[in-house]
Amino acid sequence: MKKFKKSLIWLYMLTKKHLYRLSFPLLLVIIIISGPILNSAFSSENGLVNVAIYPGKDELSIQACNSLISEESVIKYTIADTKSEARKLVERGKCDVAWIVKDDFSKRLESIAREDKVVSLIDVYQKENSVALELARGKLYGKTFSYLTYEMYKDYVLTEIAENGNISEERIKETYDNTAHEGAVIQIKNEDSDEALNVLGANYLLSPIRGFLSILVLLCGLSAGLYFVGEKRKGLYSHIREDKHYVPSFISCFGAIILSGIAALCSLAFSDLFTDVLIEISAMLLFCICSGLFCAFLCTVIRNVSLFGALIVPVVIITLIMCPIFFNVDFFVWLKYILPNYYYLMSIYHPIYLLYMVFFCVAWYILIRISSHIVCRRKA
């Protein structure tokens, strides 16, 4: 019990010490405001692709454009009143591409269906091509194709099935709607759930924010570790046994990390990424412990301030590359399993990684004890 109280006193003192450094409170403020700022910048009002649409003068084309715009998507649409306005939006850089629908959209559909003519339905105006624009055009093709198939179906019914065309268009439309496939052709589900994920409504621009915040939390721990190594070189912890220096190093790093972790939770709470409260708090707490042990291990094996400072940037870059923040990589996979950020990011959607983080803490604690004894023997 006395050791626990002593540890709490150490935690209070070393954490309070971080707050007296101007850079640390500033970093906490950055963590808190970065989530809402990025959330606002990457909100649904801003798309992965910005498209200017001129719907034309045809009633069917206007209906098709309205249907396209009403769907949940990472594409942002801007309605242009004229063809020239749609082109100017691209020329001025306000939109990435302009889709200009022909004014006689319905007649052109009928000529394709009945006369098998090759005619254009929509003009695409853009400065350059990209993967995102190609994917956006795929959505345009899909929406246009649904109207084309109906015209082809109607023409087939009127010419091949109905006698003397004696069938109403309302009945043709009703039959077509009843037999048409509704819903997604492909459904994406988690392995532990039968409910399909709404991938169309998800804003993938927001996904890296959590990873970005986790890197800032780790950076706070690394910065605290740098200060600890410098203080240790000055003899501030000389009254503690050499093989027990991992205790104040962990407490110092953990104090900085837990404050930044709380700031990260506040930042997530003001964004659209906060999930289940229990999972969020549990994952962040375990992540803070894992990161504290990770930084304490570096403090144990690296005793040169310049070397420790030079190591911070490579650690951050490796974390940025190896953890699922922007993309997943399939090389040097073993590096993922020594980084606390990987387990944290995975645990939000796969709770089993909470257990893995417990194993992570135990493994790093053992490594710290072993490395501490080895360093002390070499120094002796």
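The values are calculated or read from the model by the stated rules, or taken from the named source; none is laboratory data. Everything quoted here is computed from the prediction, not taken from an experiment. Here Cβ is always computed from backbone atoms with ideal geometry, including for glycine, and neighbour counts include all displayed protein chains. Only protein heavy atoms, including side chains, enter the accessible area calculation; ligands, DNA and RNA are left aside. Shrake-Rupley method; radii C 1.70, N 1.55, O 1.52, S 1.80 Å.
If you look at the Cα atoms of the range 310-380, you get an Rg and a Dmax of 14.8, 47 Å. Taking all protein chains as shown and a probe of 1.4 angstrom, Arg21 keeps an accessible surface of around 40 Å². Relative contact order of the range 247-328: 36 percent, from C-alpha pairs under 8 Å at least 6 residues apart in sequence. Projecting the Cα positions of Val97, Thr149, Val118 onto the charge dipole of the range 97-171 (unit charges on Cβ atoms of Lys, Arg, Asp and Glu, taken about the Cα centre) puts Val97 furthest along the positive direction.
Across the range 252-257, computed HN-Hα scalar couplings (Karplus, 6.51 cos²θ - 1.76 cosθ + 1.60, θ = phi - 60°) run 5, 5, 5, x, 5, 6 Hz from first to last residue, x flagging Gly and Pro. Using the Cβ-Cβ distance between Asp330 and Asn304 with R0 set to 45 Å, the FRET efficiency from 1/(1 + (r/R0)^6) comes to roughly 0.85. Could you work out how far the C-alpha centroid of the range 122-164 sits from that of the range 333-347, in angstrom? Between the Cα centres of the range 122-164 and the range 333-347 lies a distance of 45 Å. Once the gyration tensor of the Cα atoms in the range 245-284 is diagonalised, the equivalent ellipsoid follows with semi-axes of 26, 11, 5 Å, ordered largest first.
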